[in-house]
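Each remark here refers to the structure printed beneath this line.
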Amino acid sequence: MNHVVWYFTCFYLLAVTFLDSALASEVKSSSLGVDVISLNGKWQLLNSNSSVSLSAEVPGCVHTALQRQGFISDPYYRFNDLAYRWISLDNWTYTTSFTVPTHVRGKGKAVLVFEGVDTVSTISLNGVTIGKTDNMFRRYDFEVTGLLKDKENILQVWIMSAVTYASQRSHAHTEYRVPPDCPPPVQKGECHGNFVRKAQSSFSWDWGPSFPTLGIWKEVRVEVFNTLRVLSYTTNPKYDSEHSSWNVEVELFLDVYVASKGLVHLSIPLLRSKSEFQLSLTPGQSKKSFVLQINESVSLWWPFGHGEQRLYYLTIDVKLEGGETFNADRLVAFRTVELVQEPIPSSPGLSFYFRINGKPIFLKGSNWIPAHAFQDEVTTDMITILLRSAQKANMNALRVWGGGVYEQDFFYSLCDMYGIMIWQDFMFACALYPTEKDFIQTVREEVTQQVRRLKSHPSVVIWSGNNENEAAIATDWFNISVAERPLYVKDFVNLYVENIRDIVLQEDSTRPFLVSSPTNGIESEKEGWVAKNPYDPHYGDTHYYNYYNDCWDWTAFPRTRFASEYGFQSWPSFSTLSKVSVSSDWNFSSNFSAHRQHHADGNQQMLKQAELHYILPNSTDPMQRYRDTIYITQVMQAQCVKSQTEFYRRSRSDIVKGEGHTMGTLYWQLNDIWQGPSWSSVEFGGKWKMLHYWATDFYAPILSVGVEDKGNLMIYAISDSHSEQHNVKAKVKLHSWSSFNVVCSLESNVTTIKAGGSTLVFQHPISDLLTQCGNCTRRSCIAVFHLGSPEGQVISPHNHIFLSSPRHVEGLQKPNITFTVKDTEVVQNFFVTLHCSFPAVYVWLDVDDIPGHFDVNGFLMLSKKATVIFGAWRNTTVEEITANLHITSLRDVY
Ligand code: BMA
């Protein structure tokens, strides 16, 4: 069994009810007299030479079917990704049978609807080929009128290996190459993923395994009707600036069999707004748009941290003259979004920031990747835990990265509720793409469908063409000669501008579109859509990675307008890894450690970066050393991402040497696809790494940041507020590493900090500070600080700055931390009280497999006693926590 460690948690879960999938052949009459026969459920599955035969759940995929029926064990276990490669190289047939009652069969039109086939398939009904699929991101509707029988109907979906298909397509593309051919060997992946419209990361990625899945990953049903059926509908609030009023555009996409007339009634009861419209339809596919004027004043939808996420029910009622009806409810929200790219005084280039409801908003968040290699394993619980974790860490934005999938509806609905803005990439990443007619055609359909599906969500604030493909051409990732370049630029413009952008502009006028990420935005457009340097910090967004530079050196970071990717790897916790490994794997030089690392030199990079500031773990007990090394990679990652994020937040209102005005930080990456080393802050299974705990602080709405600049200790106050002016004092203390005594305390004058900006509130030469404090040197003391109101209230999280690398500090001793656990009055919340004999740094609590998280973790402990709270996501006890709790601090690992 796949021991997936996502747990049901009532604390996290919303009341979401899902209809059980209907048994095959059960007819449900939906609105408009459409009879629906769900074909979800058990199908038969066969490989190409019939040596493997089993039953398989639809929606689902071959891998999960094989696993559930015991043909294979957990695909994530040890080296199974390699052992099970054969599955994706074979072709598979899904078969089901169903009956259709005569009265249903007698209706005018019958359509087979596949919400999602993964990916390349030929579909036949009762022996007749009814269609083919080549794109997992599309829904396919095949007309089957006249093909249905009363008795047994046999439906077959023959799925071709996507790996074989991609290879054939690439070899057929003889005029010029479309790189990359294959992923780097360290990724142990399959080749030519760019030739098939499928999650690009399923052919392997630098954080994930290669499982080029095959399956029917979304619902299947037959729809039979006499009049018409609704294909989809959209609800898009629009602000009419001329009249300073709102209206909601509702579009109905219909498949009309016979000409009909009727009425459409739209209403938002809470806003006392309703309207009725005539509907007149002729046979064929048709799109009808209606505009509901809102006459009342609305409460706006705001990103998390900036106000409420107000959602209103909109109801759509369609009544045809023949008496058939269609009713639907949708939550809508009112907000505007602008991407502001305009000149900035004393800075070349253009600004790049989001204005929501007229207010500039700093985007704080990270990047989202697929939550599982097998999408049918992604549960609403998993999505809820991840999105709730993002919000708990004060994130207001996530980028749905272009190498995965367009996420399921539930994901976006939850983002609407949580106030998490979505930067939505189209699913193209780190590659060049072919532009043959049929490829463009399938992409056009994909984009049209996805924009229609997602545009009703207020959380989606921007569309972006792809991940890093502008940069791939501009900075020549694939050794393309100068002479050949125009050809590739032409293909780029063809795909992302003339097709994708065109469709987006037609379908959705309410959001900005970017050609790529990173991009220079308007400047890229001026330069023919591929800028000379898409990483230019004066324009657009940037991705920046540098693993060998000392990440404490903030002067090395580009002072970008918007940091949409940056990050550092770490290893997930032992309890996560131990589920897919055995004891011989548990050291850093094992084959397993090398195998799980998909990023060239990744393991070395982590240790080298860690070594710059920490003494690497040197326990003689191999097991202890393994756990400690995991710990040190997480310390390094948390510290590096903190240092970079604080730099960006500090740069929000600064222009230094023409650079700055940073208005967004989306670190790479929020979540994991499996149990392996990666840039994520949340492990596969939902456990928070140290970085995620720290994000809660470095993404706080009001933050104090300490930096050393030319020998001075500078403390900045950063505020996301739009208007509130805070009067603050920076309260600074120097603590000695060797005792619990505060060596000295200082306070700045009261300063009024800028709303929506960064303000210097404290500046002091470090050498003076040390002299003034008497008993302190850079090595023997640490500076801790926070912002307080003049009345003494704490208004920012506590922060600190090392005055020398922890590897050089003097006086830090083994803290001998002991603990006691106590139940709180609150369900599943436990107090953990720590006692230490000496100050401790990076104090890390790990309860192994007990799901949940602490209120703080990875902290500095400068007093003898500290109490934290553990909130469990399932029933647990004081005893279980006590038995599983491991506590590590920096000084414990060497
Ligand atoms: C960026 C991303 C991903 C990748 C990450 C880490 O390039 O877009 O492709 O996983 O960096 O290397």
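Please treat every number below as a calculation from the coordinates, not as lab data. Only a predicted model underlies this, so the values are computations on that prediction, with no experimental measurement involved. Cβ sites come from the backbone with ideal geometry, for glycine too, and all protein chains shown count toward neighbours.
General remarks:
- The modelled label-to-label distance between VAL258 and THR833, using points 7 Å beyond Cα along the C-beta direction, is 7.9 nm.
- Working note: 222 nm ellipticity from helices only, DSSP H runs with n ≥ 4, each -39,500 (n - 2.57), summed and divided by the residues of the chain, gives -5500 deg cm²/dmol to the nearest 500.
- Of the residues ASP329, ASP476, the one with the fewest other Cβ atoms within 10 Å heads the list, and the complete ranking is ASP329, ASP476.
- Taking the DSSP beta bridges with both ends in the stretch 337-417, the antiparallel portion is around 65 percent.
- Computed packing ranks the peptides 449-462, 165-178 as 449-462, 165-178, most packed first, by mean other Cβ atoms within 10 Å.
- Judged by the ratio a/c of the largest to the smallest principal axis of the C-alpha gyration tensor, the stretch 647-743 counts as oblate, that ratio being 1.5 or greater while a/b is no larger than b/c.
- Zone residues, the stretch 705-721, relative to SER346, backbone N less than 20 Å from point 7 Å out along Cα-to-Cβ: 709-710, 714-719
- Largest-first principal axis extents of the Cα set of the stretch 130-284 (Å): 61, 54, 33
- Under a 5 Å amide H cut-off, with hydrogens placed 1.01 Å from N, SER351 pairs with GLU342, ILE344 among residues at least 5 apart or on other chains.
- Take each peptide in 272-281, 633-642, 710-719, 594-603, count the other Cβ atoms within 10 Å of every residue, and average; sorted highest first, the result is 633-642, 710-719, 594-603, 272-281.
- DSSP H segments from the chain that extend 27 Å or more along their own axis, Cα-based, with Kyte-Doolittle mean of -1.0 or above: 622-650
- Local net charge near LYS28, Cβ-Cβ under 11 Å (Lys/Arg +1, Asp/Glu -1): -2
- Cα gyration tensor category, rounded, prolate or oblate, for the stretch 467-540 with a/c compared to 1.5: oblate
- Each of TRP368, TRP554, TRP86 has some number of other Cβ atoms within 10 Å of its Cβ, and from fewest to most they run TRP86, TRP554, TRP368.
- For the chain, DSSP calls about 85 percent of its internal beta bridges antiparallel.
- The chain: C-alpha pair distances exceeding 43 Å, %: 35 percent
- Cα-based shape type of the stretch 746-894, given that a ≥ b ≥ c are square roots of the gyration tensor eigenvalues and the cut on a/c is 1.5: oblate
- Under 5 Å between amide hydrogens, built in the peptide plane, is the criterion, and for LEU39 it picks out VAL220, ARG221, VAL222 among residues at least 5 positions away or on other chains.
- Relative to the Cα centre, the charge distribution of the chain, modelled as +1 at Lys and Arg Cβ and -1 at Asp and Glu Cβ, gives a dipole magnitude of about 680 debye.
- Using a cut-off of 25 Å between Cα atoms, the listed pairs LYS261/LYS287; LYS608/LYS864; LYS490/LYS532; LYS657/LYS733; LYS238/LYS287; LYS132/LYS437 include LYS608/LYS864; LYS657/LYS733 as exceeding that distance.
- Across the stretch 29-45, rounded Karplus estimates of 3J(HN,Hα) from the backbone phi angles (6.51 cos²θ - 1.76 cosθ + 1.60, θ = phi - 60°) give 8, 9, 5, 6, x, 7, 8, 10, 10, 6, 10, 6, x, 7, 10, 9, 10 Hz, Gly and Pro being marked x.
- The Cα-based radius of gyration and maximum Cα-Cα distance (Dmax) for the stretch 835-894 are 12.0, 35 Å.
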